[in-house]
Amino acid sequence: MICGANTTEAHPIIGLKIRDAVDRGARLIVIDPRKTDLAAIADEQEGGIWLSIRPGSNIPLLNAMLYTIIEEGLVDQGFIDARTEGFEALKEHCQDYSPERMAQLTDVSPELIREAARVYATSDDSMILYGLGVTEHKGGTAGVIALANLVMATGHVGRPFTGINPLRGQNNVQGACDMGTLPYIFPGYQATDDPEAMKTFAKAWGVSALPSTPGLMEPEMYDQALKGRFKALYCVGYDPAQTQSDIQKVRRALEAMDFVVVQDMFLTETAKLAHVVLPSACFFEKEGTFTSGERRVRKVNKVINPKGRLKADWEIICLISQAMGYPMIYTSPEQIMTEITRLTPSYRGISYKDIGNRGQIWPCPSKGHPGTPLLHTEKFPRGKATFVPVSYIVPEEEADKDFPLVLVTGRRLEHYNNGSMTRRCEGFDIIAENELLEINPGDASTLGIVHGQIVKVESRRGSIKARVKVTDRSKPGTVFMTFHFQDNLTNLLTSPGMDNKTLTPEYKVCAVRIRPK
Amino acid sequence: MAETIHITIDGREVVAEKGLTILEAALAAGIDIPTICHIRGEQESTNPCLLCMVDIEGRGRVRACVTQAEEGQVIEVHNRDLDAFRKERLEILAESHYGDCRAPCNLTCPGGINVQGYVNLIAKGEYLAALMLIKEKNPLPIAVGRVCPRFCETRCRRILLDEPIAINHLKRFVADYAKEARFRDTEVGKPTGKKVAIIGGGPAGLSCAYFLRKQGHQVTIFEAEDKLGGLMRYGIPGYKLPNREVDREVQGILNLGVHARLGKRWGTDFTLQDLRDQGFDAIFIATGLSRQKQLEIEGAEHAMCGLRFLKEVNLGGKPSIGEQVLIVGGGDIAVDSARSARRLGAKNVTVIYPRSRVELPAHQRDIEEAEKEGVQFFLMATPLRIMEDDGKIKVEMARTILDEPDERGIRHPIPMPGSRLTWTGDTIISALGQEGDPTFQSYGELEASIALTPRKTIKAHPSTMKTSVAGIYAGGDAATGSRTVIQAVAGGRRAAESIHEYLTKEKPSVLEPRFNFTKGKRFEDVDMHNFEGYDIQLNEVMPARPPERRTGDFGEVQLGFSEEMALREANRCLQCGCLGLSKCTYRELCVDYKVKANKARTRLKYPLDKSHPFIVIDANKCIGCTRCVRSCRYDAFELELSLDEKTRMLTDVSIKINENCVSCGACVDACPTGTLSKQDSVVPLLPAQLSSVKTVCTYCGTGCSLDVVTMYGAILEVKADQENPPNYGQLCVKGRFGYTFYRSPDRLYLPLVRDSVDEPFREVEWDDALKVVVERFQKIKDEFGPDSMGVLASARCTNEENYLLQKLARAAWGTNNVDNCARV
């Protein structure tokens, strides 16, 4: 079951593996408003199911599936009893989410919802892959919980070919979080307000105390900057001025800061708003480790020497730290990793030297440990897993009279995020030269616009121009755009809505209207 | 453990897993059965190559790729009949194969330089990689880039379209670029403990020293003059090759740790035996030719020696030559002397030569330049007698005619009967060319045993440079007679390779097979349809100082290409040499089975298809193996083959990539010829020259394993790592083709700084940028506290970098304000 993930474009090799699995007889369920490649395959497959959901209605849909599984007695009661708690409350909560009641809200027929639930629950092994189509919603975290509830109710976890897999959009999302670049955790997900952890890290880092005030998440930094309380930012390898949602606000926030340092390979949109831009080596020009979506810690090797006087990001960070009076003296990423493994239990057995060409999968708690590709085989980290009932969270903004279409944003095969790399590679602008507004033929004809025409796309926050691509990949009432193009900043349009826990922007739903130019 | 069986392959007992084909079983045992069409784990071809045919005792001939290995089989992979069969099959494939393995420029270069490779590295802006590719064969690019007669350009196929690529100017461009960039090439091999003496510090000696040093040998050059450089310093005038450029070349070689003993003359200061006694394990003689042919007419003693004249001028001397100068000869020394004479103030400089203009041995380009500078050529004439009269030189001359052919058919010029002319002037310079000087044989016993050629040069084997005495080698003009700098460089390199083999018993790592499919050795053989669709674009003209200005001094005449000119010029290259060379299993088998390259088709049949953004299709090279179709996972590859029923020769091919294509590039990597190649990957290399580094793709979070092919700091292509997870040989368009951003022209190389965002940026040095960063962060921290600052880390950076960023925020700054871009 693929939920909110256009894998053949955003994770093409995973997409390929899914297609191989389908060729070998796996039944495919795709939950996606758009008729992505995999949605089309599921739609055509004998026994496959495509749920063309209304954007933003993941939770009611997943809850309706759960309702079906419970109602039709498809739960794995043995698993629920042995490994979970809180099922009764969940069962109670689900009563409001029958497929029949959710049909209108989700725009999916009750029969299809029920069929999907049956296929998922009754297959010997069922696996869920999900992407940003689940998380980039106001109810993003809740959506993930809704998926987890399905997994636990059916016991499809802890065995090969089962489980629930978030598909990581960027090469080192996993590793960046593992390393504690989040305001509330140290490396290895150790809480910053845990006195023991504070003591350990303070000692290891040679400081008398570590900050006790809770840190700001990125969107909170912008809010504080606009209030004049956040003054300086050091932004490394990230281009929020193009890729954050509602970027007008981000830009205002950056402009409000006293000092912004951007470290990047190119003059990105964010770099254009900086006071200092520090050029950095790219991944071909340095070494270190990345942790891929399967928690596989991989060695990145230096392929070529950096041109000119370029430095690797880690070298620049050390220089800044040292000049500010805090010594960071490392001669190689290997030394840094040695320190990481000392302080990060799940990385303790990772050996930079012996990582090899296949990588090591954490948790890897001790030297010589083979790594742990399969989690939750015997028990969950907290012992028993808890079912958490989740309710429908309405998107920040829905289509209305003035802005009658829902804009969904995402990636295209040919480009990557802000395009700073792919748009500078030979050949890529031939296969994908500019932004395209994907629109359903019915909507196009209602609006009187044609394929190839340039139109104005407007939301409550901004307006950009884009070329029209009429395609039945777009669900009626929705349009789709990427955010790869510096000359068409799609995020001028996107919603200010955010997941209330993680503050992940609601990239997948915002109300727009289209005007022929 | 799986069930096993026992088979015998070419007399070798093999234990194999049950259920494998013979091909798989052999492969698992490390036995190579030739095949082109087999792809591990994929269906076999509908048009099998039949090269994997083997003989099974008692059963006969079978295809190893589709025949199960069974207990007790006795299999022959190689026997006379099978090998003959394979050769026949390969030749049938050749009949429909059309292309050039190596480009004509590459094959023509006496130095064997990968010309197409470096020209195209320049086209991609990879100047230093281009330079290093040149230096694989020629360590003197600054010099050769200025004086080479450019054999390569004479064979450039672009001549059939408009004009040849200005290859040598491009070489000079990268050599000069590297100089500006203060590029240093100082890497040498591990010490071998072997010592080599080189006699003579000219181009051959320097080249030999460079390559020996790169292998880790200890090298000492013995040079009779005060400085190294040989003819480059003392022969070639500064307006062509300034001495400061020779200094740079010499310094580059010395920087490798080459020793030089200056002012040490062979025969006076040491003998070969002395060198051996000093522990030198090998000796390379590269003394050049210091003797000039004598003018054999009455009054020859009144003529100045051209070689000595040039040396004096190159040392900064200003020999007094007056206003009227006559130069006898027609080679480089004559023309160089004439042009130097103009620069010394001679008003009237005449070169006298007994044959016609086209027979002048000097390069036509130099002759034209000389004429622009006012040098006159008096052709079909010869001096008969020189007299001195009251400080003036009088020369009696005659017009010449050609005599009856001699026994070798050569017609020599002779004075026309009755013709008498007189020239009166200030100086006559004799510049008849150099010749061998056997006097070295009197220096010692060892010297006396070195054999000479009939032309009194040292006899040395043309490819090993071995003399008649073991451990003593000779090259450059001393062995070959008067040649060009690049030929001396090539001789020095060959000697170094040969000496290395002699000292270490190691065979050379890359052997270039002579086998070469060609679209035509001669221009008239080349099918003109090859040039359809190309626009005429004449070559870039080398900027030069105007003749009236340049004759006033010895400053360099040619000024060098600008970067823009170099890029335009390099992009004119037609890329004749096959870009599938490094993956061409077909060529390797043709070499192994001694296929005759002239079996190949001689006419273009299908136009080159460059319509795909990443893939070039050249159907002329298709051998019908169907690997492309079978490697495509997207039904995007349409291949239609027509075969002759009897011979199975390919009679027609149609290749099309349809709209299903996602540009993953799997087909290109699967193609065993140059039928499919990558638009971006432009350096033709032999399989053994390919070097790659394994790393991980950094686009999405899948973390695919990559094999990145590199050369001297340039990425040539990205391939999928076949062996490792999670992709096991598959990649997407971004992984395989999305790598050229690293050399994007708008890449940032220096920090940018400004005081406020409404100002433009200034490019500054690292120290200055860091100073600003630290001061301003510190000030804000002091004034508003650490929680007024924050770090945004990156899901694109490494674990180590992310770790340091949060450590910086928490430990150095004292704030938990650190977040990353995982939400995007």
Dipole of segment B:4-78, positive direction: furthest Cα of B:ALA25, B:GLY11, B:THR35, with charges on the beta-carbon: B:THR35
Per-residue average of Cβ from other chains inside 10 Å of A:415-426: 6
Label-point separation in nm, B:ASP247 to B:HIS259, each point 7 Å along Cα→Cβ: 2.6
Positive-end extreme of charge dipole, segment B:239-283 - chosen from B:GLY263, B:ILE283, B:TYR239 (charges on Cβ): B:TYR239
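Have a look at the DSSP beta bridges in segment A:215-363 and tell me what percent are antiparallel, nearest 5.
Working: 6 of 16 bridges.
Rounded to the nearest five, the antiparallel share is 40 percent.
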Inter-centroid distance (Cα atoms) of segment B:435-502 relative to segment A:351-425, Å: 68
Charge dipole (debye, nearest 20) of chain A; +1 at Cβ of Lys and Arg, -1 at Cβ of Asp and Glu: 1360
Cut-off 12 Å (backbone N to label point 7 Å along Cα→Cβ of B:ALA688), residues of segment B:491-531: B:507-514
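Among the helices of chain A (complete DSSP H runs), which have Cα atoms covering no less than 20 Å along the helix axis and a Kyte-Doolittle mean of at least 1.0?
Qualifying helices, which must be both long enough and hydrophobic enough, are A:140-154.
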Proximal aspartates and glutamates to B:LYS372, defined as alpha-carbon separation beneath 13 angstrom and excluding residues fewer than eight positions away on the same chain: B:GLU548
Percent of beta bridges antiparallel (DSSP, chain A, rounded to nearest 5): 45
Proximal lysines relative to B:LYS456, as straight alpha-carbon distance under 20 Å, when same-chain residues fewer than 8 apart are discounted: B:LYS293, B:LYS466
For residues of A:321-330, the mean tally of beta carbons on other chains within 10 Å: 5
Peptide B:750-757 - average C-beta neighbours from other chains (10 Å radius): 6
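How big is the charge dipole of chain B about its Cα centre, in debye rounded to the nearest 20, if each Lys and Arg gets +1 on its Cβ and each Asp and Glu gets -1 on its Cβ? If you can, show how the numbers build up before the last one.
Details: 109 positive and 113 negative charges, 174 e Å.
Computed about the Cα centre, the dipole is about 840 debye.
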Rounded to the nearest 20 debye, dipole of segment A:129-227 from Cβ charges on Lys, Arg, Asp, Glu: 220
FRET efficiency estimate (nearest 0.05) - Cβ-Cβ, A:SER212 to A:ARG159, R0 25 angstrom: 0.05
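Going by average Cβ neighbours within 10 Å, how do the peptides B:25-32, B:217-224, B:236-243, B:179-186 rank, with the highest at the top? Write down the numbers at each step before the final one.
Working: B:25-32: 16.4, B:217-224: 23.0, B:236-243: 20.9, B:179-186: 11.9.
Put in order of decreasing packing, that is B:217-224, B:236-243, B:25-32, B:179-186.
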Label-point gap, in nm, between B:ASP767 and B:MET542 - each point 7 angstrom along Cα→Cβ: 4.1
22 Å Cα-Cα threshold exceeded, pairs from B:LYS656/B:LYS678; B:LYS171/B:LYS194; A:LYS401/A:LYS456; A:LYS227/A:LYS401: B:LYS171/B:LYS194; A:LYS227/A:LYS401
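Using 25 Å as the Cα-Cα cut-off, could you pick out the over-long pairs in A:LYS299/B:LYS781; A:LYS138/A:LYS475; B:LYS18/B:LYS87; A:LYS465/A:LYS508; B:LYS135/B:LYS311?
A:LYS299/B:LYS781; B:LYS18/B:LYS87; B:LYS135/B:LYS311
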Angle between chain B longest axis and helix B:80-94 axis [Cα atoms, degrees, rounded to 10]: 80
Acute angle (nearest 10 degrees) that the helix B:766-784 long axis makes with the longest principal axis of chain B, alpha-carbon atoms: 40
Positive-end residue, the protein assembly as shown charge dipole about Cα centroid, Cβ charges, pick of B:GLY577, B:GLY433, B:ASN106: B:GLY433
Acute angle (nearest 10 degrees) that the helix B:243-254 long axis makes with the longest principal axis of chain B, alpha-carbon atoms: 50
Mean Cβ neighbour count within 10 Å, used as a protection proxy, ranking B:116-124, B:244-252 highest first: B:116-124, B:244-252
Label-reachable residues, segment A:459-493, where backbone N falls under 11 Å from a point 7 Å from A:ASP402's Cα toward its Cβ: A:459-461
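Restricting to bridges with both residues inside chain B, how much of the DSSP beta-bridge set is antiparallel, in percent to the nearest 5?
Of those bridges, close to 60 percent are antiparallel.
Quick one: if the Förster radius is 30 Å, what FRET efficiency do A:GLU255 and B:ARG182 give, using the C-beta to C-beta distance and rounding to 0.05?
0.15
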Simple label model, 7 Å out from Cα along Cβ direction - A:ASP43 to B:ASP389, nm: 10.6
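Taken together, the values in this text are just the output of simple stated rules run on the coordinates, not laboratory data. Everything quoted here is computed from the prediction, not taken from an experiment. Neighbour counts are summed over all protein chains in view; Cβ atoms, including those assigned to glycine, are modelled from backbone coordinates with ideal geometry.
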